[in-house]
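To keep things clear, I will list the structure first and then write my remarks on it.
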Amino acid sequence: MTRDWLPDRGIRRTVHALGAAGLTVIAAGAVLEAMWLLGIGVWGVIAAMGIELVYRP
C-alpha cells in the first residue's frame, strides 16, 4: 500500500471540514429561514469543491 503524501491529507481534511461546515450552516439557515446563513453555507460548499478540483492529483 502507498502512503498518503502529508499535504494531501491536510487538503483532504480541509475539504471535508469546509463541506461539513457548509452543509451544517445550510441546514441551520433552512430551519431558521435565514437567507444569509444559506448563502454562507453555499459559499462554503463551493469553496470546498473548488479546492478539491484544484488540488486533485
(message) Can you tell me which condition I51 does not meet? The list is (1) on the phi < 0 side of the Ramachandran plot; (2) over 11 Å from the mean Cα position of the chain (by Cα), and all the others hold.
(response) (2)
(message) If V15 meets every condition in (1) modelled with pLDDT under 95; (2) surrounded by 12 or more Cβ atoms within 10 Å (Cβ to Cβ); (3) more than 9 Å from the chain's Cα centre (by Cα); (4) not small (G, A, S) apart from one, which number is that one?
(response) (3)
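The values are calculated or read from the model by the stated rules, or taken from the named source; none is laboratory data. Computed from a predicted structure; not experimentally measured. Using ideal geometry, Cβ is built from the backbone for each residue, glycine included, and neighbour counts are taken over all protein chains shown.
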